Amino acid sequence: MMLIITDIPSANLTPSDSEYVFIENDREITPCRGCFKCWIKTPGQCPIDDGFGNTGKLLSKCGSLIIVSKLTYGSFSPFVKNVLDRAISYVHPYFRIINNEMHHRLRYGNKLSCSAYFYTDNNGDLPDEAEKNTACRLVNANCKNFGATVNNIIFLDSRERLQGLSLS
C-alpha cells in the first residue's frame, strides 16, 4: 500500500485499493496532545477521534510513504507536520541506538520507503541551498525514526509542477 500525505486541498489524488491519501481540508486535524495513549493504552492507535488516529497503523501496512508539502522554512507545512506527529504510534516509546543516536524502537516489521516532494510559491524560484539542506536533514531524520529508506527528495518551484509527475 502507498500512503500519500499532501497539503494541496485540490490534489487530484484518489485512493484506490493500494493507496490512502491524507489531504489538507479533507477534514480537520487535531494536533498531537502528547498524551502517550497511542503508546501505552491503545498501542498503535491514537485516541483522538478525528479521522487521523489510524495514521500509525496505516504506515505499518504500507511500503511507500509519499509526502507532498509546501516548503515552509526548511520544513513541512503545518498540516503535513501534524499528520506526521500523529503517526508517532508507528514506533514504540522505547529507544534504540543507531550510529550513536537515540531513536525509537520500531513497533512494526514492515519495510518502508519515503519520497518527499517540496514545492514553493516563490514566483518560479527554487529555495536557497540552506533551506533545501534543512529540509533534506529533516526528511532523513524522520525516515531514520520510522526505519524507512529515502527514495527521493525533490524541490519544485511551484505546485503546478506536480501535475503529471509520477509520485514514487
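Worth a mention:
- Check on K37, over 27 Å from C136 (Cα atoms) and open to solvent by 20 Å² or more (accessible area, probe 1.4 Å): yes
- First in region 32-46 and under 15 Å from L58 (Cβ atoms) and at pLDDT 90 or above, second anywhere and open to solvent by less than 40 Å² (accessible area, probe 1.4 Å) and of a type in the set (D, E, K, R), Cβ under 7 Å, 6 or more apart: C46/R86
- Qualifying residue in region 144-161 (condition: of a type in the set (V, I, T) and under 30 Å from I48 (Cα atoms)): yes
- Residue ID - surrounded by the most Cβ atoms within 10 Å (Cβ to Cβ), chosen from residues in region 73-115 that are in contact with a Phe, Trp or Tyr (Cβ under 9 Å, 6 or more places away or on another chain) and within 22 Å of P127 (Cβ to Cβ): F76
- Checklist (1) part of a helix (DSSP H, G or I); (2) out of contact with any helix residue (DSSP H, G or I) (no Cβ under 7 Å at 6 or more places or on another chain) applied to K41, failing item: (1)
- Pairs with Cβ under 7 Å, 6+ apart, first in region 151-164 and acidic (D, E), second open to solvent by less than 80 Å² (accessible area, probe 1.4 Å): D157/T120; D157/N122; D157/G124
The values are calculated or read from the model by the stated rules, or taken from the named source; none is laboratory data. All of these numbers come straight from a predicted model, not from anything done at the bench. Note that we place each Cβ from the backbone using ideal geometry, even for glycine, and neighbour counts take in every protein chain shown. We work out accessible area using only protein heavy atoms, side chains counted, and drop any ligands, DNA or RNA first. Shrake-Rupley method; radii C 1.70, N 1.55, O 1.52, S 1.80 Å.
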